[in-house]
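The values are calculated or read from the model by the stated rules, or taken from the named source; none is laboratory data. Given the structure is predicted, the values throughout are model-derived calculations rather than measurements. Note that we place each Cβ from the backbone using ideal geometry, even for glycine, and neighbour counts take in every protein chain shown. Protein only, heavy atoms only, side chains kept; ligands, DNA and RNA dropped before computing areas. Shrake-Rupley method; radii C 1.70, N 1.55, O 1.52, S 1.80 Å.
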Amino acid sequence: SEPEARVQRGGGERAAPRPPRSPGRLLVERALLGAGTARGPGAVRTGRAACFGGLRPGAPGVWGSAGARILPWGSPRNQPPSSEFVARTVGVCSMMRLPVQASPEGLDAAFVGVPLDIGTSNRPGARFGPRRIREESVMLRTVNPSTGALPFQSLMVADLGDVNVNLYNLQDSCRLIREAYQKIVAAGCIPLTLGGDHTITYPILQAMAKQHGPVGLLHVDAHMDTADTALGEKLYHGSPFRRCVDEGLLDCKRVVQIGIRGSAMTLDPYRYSRSQGFRVVPAEDCWMKSLVPLMGEVRQQMGGKPIYISFDIDSLDPAYAPGTGTPEIAGLTPSQLSILGFSSAERKLF
């Protein structure tokens, strides 16, 4: 059996809570495809280069807030390095400065960039999203004190780099994304996607459904993205979930769309979604409220079956994310978005 983990704080030491034997898998577009035990350890790292993607030699364990050091359970797993030992400006610009690898083999979850924005209808620029998210991720640490989550104690995680999309052909890009994700999912690895405009969700869900059958969907967005066509094209960032319904990729009774708002061309813009069995929660139903009760209902609706979670940055009010390509006023706040993330991932909606 694994040795008990210990937390050292100052001169004292106490037992740290052990993660469940079948931990939930953390998903920033998150593919929720069930829980499972973590895979075996990676190779033990030695030398200075180990600092960039793992534990610093001579300082084992995860260094959390307030000087708390969480010692590892037996086998080492990839860990974001602490700025106490490695400067944030040092190393390869990977997500959370985790190791970069070419294969998903041996991973429980992996960050994947999809730098595509040729499906946008307004401001482009989302192709730069994966790179900028990785740059900002140097501030992310290993422990969530608010929830007690210790994901890197139970999961083997790495950065798989970017899908090599075709910026001159949207259909071909979707093929490339689908094929890349089929390999990731077939390896038993859960992809954590960094986008990219919302067109990318369609080929990702094609790969997910091929492996797992129709999945539920928690979709947090300002827009429903269920349009049929635009300028005669059936594939763009406003239509991914319409195409998913057409192909039977979604378990429509387990689809929830939260934060929907903005002007429309009809007085009943939710008609299509609701006719398919989706639950639509407009932004006005979220204003000045805690979303904890709502997420309790969502967890009950999703049950224990696989779901996919998709967060669009424009779900936030543009006061917080003005760079989005399709801003809509009166959106969600960062604290509300945090509740959605905490409730779905860390309370094991999946």
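Ligands, DNA and RNA left out, the accessible area of the stretch 224-273 computed with a 1.4 Å probe is 54% carbon and sulfur. Residue-normalised convex hull volume from the C-alpha trace of the stretch 273-320: 113 Å³ per residue. In sequence order, the stretch 192-205 has phi-based couplings of 10, 8, 10, x, x, 6, 6, 4, 5, 5, 4, x, 5, 5 Hz under the Karplus curve 6.51 cos²θ - 1.76 cosθ + 1.60, θ = phi - 60°, and Gly or Pro positions carry x. The residues of the stretch 257-318 present an accessible area of 52 Å² per residue when probed at 1.4 Å with all protein chains retained.
Quick one: Cα centre-to-centre distance for the stretch 307-323 and the stretch 258-292, in angstrom? The stretch 307-323 and the stretch 258-292 have Cα centres spaced 15 Å from each other. Sparsely packed loop sites in the stretch 240-307 (the GluC sites (Glu not before Pro) outside DSSP H, G, I, E and B with at most 16 other Cβ atoms within 10 Å) comprise GLU247.
Along the stretch 156-161 the Karplus relation, 6.51 cos²θ - 1.76 cosθ + 1.60 evaluated at θ = phi - 60°, assigns HN-Hα couplings of 8, 10, 8, 9, 8, x Hz to successive residues, with x for each Gly and Pro. Once the Kirkwood radius over Cα pairs is known for the stretch 158-313, the Stokes-Einstein relation at 4 °C and 1.567 mPa s delivers a diffusion coefficient of 79 µm²/s. Karplus-derived 3J(HN,Hα) values for the stretch 298-310, using 6.51 cos²θ - 1.76 cosθ + 1.60 with θ = phi - 60°, are 5, 4, 5, 5, 6, x, x, 8, x, 9, 10, 10, 10 Hz; glycine and proline are entered as x. Potential lengthening of the chain between ALA319 and ARG175 amounts to 48.3 nm, from the contour at 0.36 nm per residue minus the alpha-carbon distance. Averaged over its residues, the stretch 97-170 has an accessible area of 48 Å² per residue, based on protein heavy atoms and a 1.4 Å probe.
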